[in-house]
Amino acid sequence: MGSQQVEVGLKKAMYEEMALIRRFEEKLIELSQEKGKLVGMQILAYGQEAVSVGIVKALEPDDVIVSNHRSHGHLLAKGADPKYLMAEIMGKATGVNKGKSGTLHMSVPEVNALMTTTIVGGGPPLAVGAAFAQQYRGTSNITVVFFGDGAAAEGSVHEAMNLAALWKLPVLFVCENNCWAGAQSLSEHCCLMDITRRAVGYGMPGELVDGNDVEKVFTLAKEMVSRCRNSQGPVLIEAKTYRIRGHGEHDHQHYVDKKELEAWARLCPVRCLRERMLADGLVTEGEIQVMDRQIEAKVDEAVRFASDSPYPLPEEALQDLWVEDGIPQQVAQ
Ligand SMILES: Cc1ncc(C[n+]2csc(CCOP(=O)(O)OP(=O)(O)O)c2C)c(N)n1
C-alpha cells in the first residue's frame with residue numbers, strides 16, 4: 001500500500017496531530033520532574049504517535065474508541081481538548097473527569113472515547129460490548145480498541161475476539177506491539193513474533209503494519225474500518241512499533257538493549273514524516289516551524305489553563321459515581 005495515496009492536506013494534518021501528541025507528552029516529562037505538579041504515575045505513548053493518528057484519522061466522529069493505560073495519543077487524536085486533558089492529568093476540577101481520574105482512567109464521552117483502563121486486557125471486552133450495542137441499534141458506527149502485546153496474552157482478549165468474530169461485531173482490534181510489556185520483551189512472554197497470526201484462529205483477518213509509518217497505518221486502517229462498517233465482522237491489526245521510554249516515567253529501562261533502543265529511535269514517526277514531507281517538497285522548513293510554534297503555544301496554553309484551575313472539592317468526591325435510571329448523572333443534569 002503506497003504512502004503516496006495519502007493526500008497532502010491530510011498528511012499535514014497528521015503531522016500536526018502527531019507533533020501535538022509528542023509535545024504534550026514532552027511537557028508531561030518536564031512536569032513530572034516538578035514536585036507536586038502531576039497526579040499519579042505518567043505512562044507515555046512516546047514513539048507510538050503514528051498508530052494513534054493513523055487509526056483514528058480513518059474513523060468518523062461517532063465511532064467509539066477504547067484505550068488503555070497509554071492513552072494520551074489515542075485521546076488527543078480522537079479530538080479531546082488538550083486543556084481539559086492536561087487539567088485531568090494535574091488532578092484539577094476542570095479536567096475531562098473533574099480531576100477524579102487522573103491520567104490513568106480517563107473517559108472523554110464528547111469525542112466518543114468510551115474508556116481508558118489500566119486493567120491490562122480489560123479494554124477488548126468493553127469494546128465488544130460497545131460494538132454489540134452499535135450492531136443492535138443498527139448504527140453504521142464501529143468501535144476500535146487499542147491494546148498492547150502484553151494484553152494480547154490475557155484470557156479476556158481471546159474471549160473478546162472469539163465473540164466478536166462469532167457475532168460479526170463491528171470492532172477493530174488494534175494491537176500496538178511496542179516490543180515490551182512492563183520489563184518483559186515480547187519473546188519472553190509470547191512464542192509468536194506476529195500476534196496477527198492468531199487472527200486466523202478466531203476467524204477474522206489479521207493485518208500487520210509498520211506502526212511507525214502513519215501513512216501506512218492510515219491506508220490499512222481505512223480499508224479495515226470500511227470492512228468493519230459493512231457488517232463483515234471484526235479485524236485485528238498489529239502495528240509494530242517500539243516503547244521509546246520506560247513503562248512509566250519512574251522506569252529507567254535498565255533491561256533495554258541500548259542499541260535496539262537507538263535503532264528504533266532513529267525511526268521516530270514524527271521526524272520521519274516531517275523529513276518525508278520536506279524531501280517531497282510538500283512543506284517548507286518555514287511552514288514546519290510555524291506549525292511547531294502553534295503546537296507549542298497550544299500545549300503551553302493547556303498547562304496554563306490546568307495550573308490556574310482549582311482542585312476538586314472534597315465534598316464532590318462521591319458525586320458522578322453511579323448511573324441512575326440508565327443515564328449517567330452528568331448527562332441527566
Ligand atoms: C490485569 C493486569 N495485570 C497486570 C497489570 C500490571 N501491568 C500494567 S501495564 C503492564 C504491561 C502491559 O503491557 P502491554 O499490554 O504490552 O502494554 P504496553 O505497556 O507495552 O503499552 C502490566 C503487566 C495490570 N495493570 N492489569
Grab the alpha carbons of the chain, take their convex hull, and tell me the volume per residue in Å³. 140 Å³
Among the lysines, which fall within straight-line cross-link reach of LYS240, defined as a Cα-Cα distance under 17 Å, with same-chain neighbours fewer than 8 residues apart omitted? LYS216
For the range 150-211, the Cα convex hull volume per residue in Å³ comes to 86 Å³
With a 24 Å threshold on alpha-carbon distance, the violating pairs from LYS11/LYS258; LYS78/LYS259; LYS35/LYS98 are LYS11/LYS258; LYS78/LYS259
When all alpha-carbon pairs of the range 230-333 are counted, what percent fall beyond 16 Å? 80 percent
So if the hydrodynamic radius of the range 257-314 is defined as the Kirkwood radius over C-alpha pairs, what does Stokes-Einstein give as its diffusion coefficient at 25 °C and 0.890 mPa s, in µm² per second? 169 µm²/s
Per-residue HN-Hα couplings for the range 213-226, Karplus 6.51 cos²θ - 1.76 cosθ + 1.60 at θ = phi - 60°, whole Hz, x for Gly and Pro? 10, 4, 5, 5, 4, 4, 4, 5, 4, 3, 5, 6, 5, 5
Full extension from THR284 to LEU10: what is 0.36 nm times the residue separation minus their Cα-Cα distance, to one decimal in nm? 97.0 nm
Got a number for the accessible area of LYS37? Probe 1.4 Å, square angstrom, nearest 10. 60 Å²
Whole-Å distance linking the alpha carbon centroid of the range 5-42 with that of the range 121-139 is 29 Å
Mind checking which aspartates and glutamates have their C-alpha under 13 Å from LYS92, skipping anything on the same chain fewer than 8 residues away? ASP308, GLU316
Determine the distance separating the Cα centre of the range 206-231 from the Cα centre of the range 46-101; give it in Å without decimals. 20 Å
Stokes-Einstein D in µm²/s, Kirkwood radius over Cα pairs - the range 75-130 at 20 °C with 1.002 mPa s viscosity: 188 µm²/s
In a shell of Cβ-Cβ distance under 12 Å around TRP180, excluding TRP180 itself, what net charge do Lys and Arg (+1) and Asp and Glu (-1) give? -3
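The values are calculated or read from the model by the stated rules, or taken from the named source; none is laboratory data. Small disclaimer: the values here were computed from a predicted structure and weren't measured. Please note: Cβ atoms are built from the backbone with ideal geometry, for glycine as well, and neighbour counts cover all protein chains shown. SASA here: full protein model, heavy atoms, side chains in, ligands and nucleic acids out. Shrake-Rupley method; radii C 1.70, N 1.55, O 1.52, S 1.80 Å.
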